[in-house]
Amino acid sequence: MKIGWIGLGKMGMPISKRVEAGGHTITAFARSDASAEKASKAGYAVARTMAELAAASEVVFAAISDDRALHDAVTAEGALAAHLTKRQVFIDTSTVSPEASAAVAKLLDAKGVTYLRAPVSGSTATAAAGALTTMVSGPRAEFERLAPLFETFTKNRFWLGEGEQSRTMKLAVNSTLAAISSLMAEALAFTSKGGIALADAIEVYSKSAVATPLLEYKRAMILEGKYDPAFEVSQMMKDLDLALDVGRATHAPLPLAAQVRQQYEAAFLHGNGERDFFVLVKEMVELAEGK
């Protein structure tokens, strides 16, 4: 299958390589010379305009950062939507608001273009292993038809409805991740004050009733104190803001998410905005030590 690709970042690149390994050919959109060079080094054909990308593709994927990026790539004047036709499919793996996604749906539906919202959950390592989880909404028949394509980069796939259900689900998942980091930071600071070594506390947690794969992903990072970002504090702040916006719009109470959001704000103000979101452990331990 001929695949167009928008976004070769931390998640976009490993996902695209899994899709390519599944036997599909990829043409990547590149706005700049640097982006074109990155795509070429990955072995992909390069499209310098959205018209070229659409012409080269049966399915176009996007793996981009936020609502604004989605608008610029798809719904802005002369962007992708202007060049897609009803024989094509657009799949967006990004974490964006239901509102921004609905604007894409309205435009693409009017043209008869299939739109599958397919945000993913997992780390960059999970993406490279082809073991992501995806939450999909949009036309179910098209999701089922394209199941072999989704199988190239995911381990678990859930169809949740015809509209923006997958967007809400992804925001719920990320809000939970944010809260886990916050609570784990508090707990590890607490055990440290009780004279328990950090490595010992993490080992107990990993074998307890509250064990989570997330802690295993972050174990080395916490023990080494090196919070090189897999998912940045600033990105988690964005997702929490989206969730809180949706909560206000739908009258879904999110008191804990609102409180956790303030902990990320503190981390950001301490200069940790570009560090991994588990830097909250460092933040809380230092607070407990009076630093």
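The values are calculated or read from the model by the stated rules, or taken from the named source; none is laboratory data. Just so it is clear, the model here is predicted, and its values are computed rather than measured. Here the Cβ positions follow ideal geometry from the backbone for every residue, glycine too, while neighbour counts run over all protein chains shown. Note: areas computed on protein heavy atoms with side chains; ligands, DNA, RNA excluded. Shrake-Rupley method; radii C 1.70, N 1.55, O 1.52, S 1.80 Å.
Structure values in brief
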| read-out | value |
| --- | --- |
| Length-normalised contact order for the chain - Cα pairs under 8 Å, 6+ apart - percent | 14 |
| Average accessible surface area per residue within region 71-120, 1.4 Å rolling probe, Å² | 39 |
| Helical contribution to [θ] at 222 nm, DSSP H n ≥ 4, -39,500 (n - 2.57), averaged over the chain, rounded to 500 | -15500 deg cm²/dmol |
| Nonlocal amide H pairs with Ile196, under 5 Å, H built at 1.01 Å | none |
| Length-normalised contact order for region 82-177 - Cα pairs under 8 Å, 6+ apart - percent | 29 |
| Pairs from Lys41/Lys86; Lys2/Lys218; Lys218/Lys291 whose Cα-Cα separation, in the structure shown, is over 27 Å | Lys41/Lys86; Lys2/Lys218 |
| Inter-part distance where region 71-98 and region 182-261 are each reduced to a Cα centre, Å | 33 |
| Cα centroid of region 6-31 to Cα centroid of region 140-170, whole Å | 18 |
| Degrees, to the nearest 10: 98-111 long Cα axis against longest axis of the chain | 10 |
| Region 19-70, accessible area per residue, ligands and nucleic acids excluded (1.4 Å, Å²) | 47 |
| Space enclosed by the convex hull of the alpha-carbon atoms of the chain, per residue, Å³ | 140 |
| Translational diffusion of region 1-106, µm² s⁻¹ [Kirkwood Rh, Cα pairs; Stokes-Einstein; 25 °C; 0.890 mPa s] | 180 |
| Choice from Glu274, Glu58, Glu144 showing the highest fluctuation, given a GNM over the chain with Cα pairs closer than 10 Å | Glu144 |
| Total formal charge among the other residues, if their Cβ is under 10 angstrom from that of Ser166, Lys/Arg +1 and Asp/Glu -1 | +1 |
| Ala45 long-range amide H proximity, modeled H, under 5 Å | Ile26, Ala28 |
| Within the accessible area of the chain (1.4 Å probe), percent carbon and sulfur | 57 |
